[in-house]
Amino acid sequence: METISELGLKQLVDFPTREDNILDLILTNKEFSVSNAMQCPGVSDDDMKAYNFHAKAGKVINRTRTVYLYHNADLTSLRNCF
């Protein structure tokens, strides 16, 4: 956990996730990006975990690009040029 802190990250799961151990890790550099971490009884020996993640979608940048259709080239004419 010391290395995690040195990297500026914070572990958000602070409750045991299996028996008395914390096995699930949610590491973030933005503490408020996750909320409502909760554990719900599951059907096996491992309980279900639920979290709310708050994130914004990145901006989509449309770029024009040139696509060369080499399969449509007139190779005979090109060969005659050289």
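Laboratory data are not the source of any read-out in this text; all were calculated from the coordinates shown. None of these values were measured; they are calculated from a predicted model. Glycine also receives a Cβ, built like all others from the backbone with ideal geometry; neighbour counts cover every protein chain displayed.
Projecting label points 7 angstrom from Cα along Cα→Cβ for VAL60 and ASN21 puts them 4.3 nm apart.
Helical runs (DSSP H, four residues minimum) scored at -39500 (n - 2.57) apiece and divided by the length of the chain put the mean residue ellipticity at 222 nm at -3500 deg cm²/dmol.
Largest GNM mean-square fluctuation among VAL67, VAL34, VAL13, using the chain with Cα springs under 10 Å: VAL67. Which is the longest stretch in the chain that no exposed loop site breaks, taking sites as trypsin sites (Lys or Arg not before Pro) with a DSSP loop state and at most 10 other Cβ atoms within 10 Å? Free of exposed loop sites, the longest segment is 1-29. Along the axis of the charge dipole computed for the stretch 2-81 (Cβ charges of +1 for Lys and Arg, -1 for Asp and Glu, origin at the Cα centre), the listed residues GLY8, ASN52, LEU78 are led at the positive end by LEU78.
Using 0.36 nm per residue of separation minus the Cα-Cα distance, give me the extension gain between ASN29 and LYS49 in nm, one decimal.
On the way: separation 20, 0.36 × 20 = 7.20 nm, distance 2.07 nm.
Residue separation times 0.36 nm, minus the Cα-Cα distance, leaves 5.1 nm.
Each of [x] 1.11; [y] 0.95; [z] 1.48 is a candidate for Rg/Rh (Cα atoms, Kirkwood Rh); the one calculated from this structure is [z].
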